[in-house]
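Working notes, beginning with the structure itself.
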Amino acid sequence: MTEYGYIVDSHCHLNYKGLKEEQAAVVERARVAGVGCMLAINTKLKEYQEIIDIIETYSDVYGSVGIHPHEAENEPDVALDALLSRAKHPKIVGIGETGLDYYYDNAPRDMQMVNFKAHIAASRETGLPVIVHTRDADEDCVSVLREEMTKGPFPGVIHCFTASQMLADAVLELGFYISISGIATFKSAKNLQDTVKTIPLDRLLVETDAPFLAPVPNRGKTCEPAFVMDTARFVADLKSVPFEELQQKTSQNFFDLFNKAVPPVREVAA
C-alpha cells in the first residue's frame, strides 16, 4: 500500500476571488502545511479554461469539469459531448460539481435535474466520479442517484456533506464516498458531527471548499487549501483515530475514487 505522508484537499476553487489573486502563494502555503494534492473544481463551462490553466501550472493540482446547479439556468444547453470532450484532458479527473440545491433555488429545479442527470451520464461513460452538491434536496438527490444507478453504475462523492443520516446511509449503500468540510468543526454542527462518526473510514474524504467555509480556528478568514489540515485533525479526534491514520485513509480514498489522478511522490519521515 502506498504510504501517504500528506493530506488531500478533495474540493477547492482556486480560480475564485480570494484565492486567484495570490494563487501561487496559496498553493505553496498548502504544500508547506502538508497538503500533497488538491482538486480544483469547475462550476461553469465558460470557466473551464481557468481550471486547465491551473492544473497545467501546478503538478499537484488536478481538476474537474462541470456546471454547478446554481448555473443550470445560465448554462442550460449542457450536452453530454461537451462534458465528455473536456474530460479527456489527462488531469481532469472528475465530473462536476453538479447536483441539486433547493436552499437557494438559483435555477429552476427541473433545469437542475436535467443538468444533474447529464453529469451522471458523463460519469457513467467516462468512469470518472461525479461530484455531487446537494442542499435541502435529500430525497430528490437519493431518488435520482438510485434511478440512475439502475441504468449502469457510476462512482461518486457527496461533497461538503451537511445532509441527513438518511442521505449518508443511502449514498454509502450506492458505493459513494462522503467528503467533510470545515462545517464539521462549527459548534452548531452537532448533528453533522454525529453523522460523521458513522461514516466508515474507507469512504471518507476531507476538503475545504475554499475560499468558503474556513474551519475552526480560522473562522472569518478566506478559506484556503492549507486549512484542510484543521478539518482533518478535527475529524480524526471526532472519530477517535490517530491523525496519521485519517491522513493515510482519506488520501488513499481520494486516489481510489479519483483513480485517474497520480499520487505525487512525497518523502515520508522515518
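Observations on the model:
- In the range 196-215, the residues that are assigned to a strand (DSSP E or B) form Cβ pairs under 9 Å with partners that are of a type in the set (D, E, K, R) and crowded, with 22+ Cβ neighbours inside 10 Å, at six or more places apart or across chains, as follows: V206/D9; A210/D9; A210/E224.
- Test: residue in the range 100-110 that is among the polar types (S, T, N, Q) and crowded, with 16+ Cβ neighbours inside 10 Å: no
- Qualifying residues in the range 38-82 (those that are aliphatic (A, V, I, L, M) and in a loop (DSSP other than H, G, I, E, B)) - the one nearest to P264 (Cα to Cα): I41
- Selection within the range 28-53 - surrounded by 22 or more Cβ atoms within 10 Å (Cβ to Cβ) and aliphatic (A, V, I, L, M): A30, V35, M38, L39, A40, I41, I51
- Residue match in the range 136-148 (condition: part of a loop (DSSP other than H, G, I, E, B) and more than 20 Å from H70 (Cα to Cα)): no
- Cross-chain or 6+ apart pairs with Cβ under 8 Å, the range 72-83 first and without any contact (Cβ under 8 Å) to a residue 40 or more places away in the chain, then assigned to a loop (DSSP other than H, G, I, E, B) and exposed (fewer than 13 other Cβ atoms within 10 Å of the Cβ): E73/P108
- Failed item in (1) surrounded by 15 or more Cβ atoms within 10 Å (Cβ to Cβ); (2) at pLDDT below 95, with F161 passing the rest: (2)
- Members of the range 128-155 found to be in contact (Cβ under 8 Å) with a residue 60 or more places away in the chain and not hydrophobic (A, V, I, L, M, F, W, C), listed by number: P129, H133, P155
The values are calculated or read from the model by the stated rules, or taken from the named source; none is laboratory data. Everything numeric in this text was worked out from a predicted model, so none of it was measured. Virtual Cβ from ideal backbone geometry, glycine too; neighbours counted across all protein chains shown.
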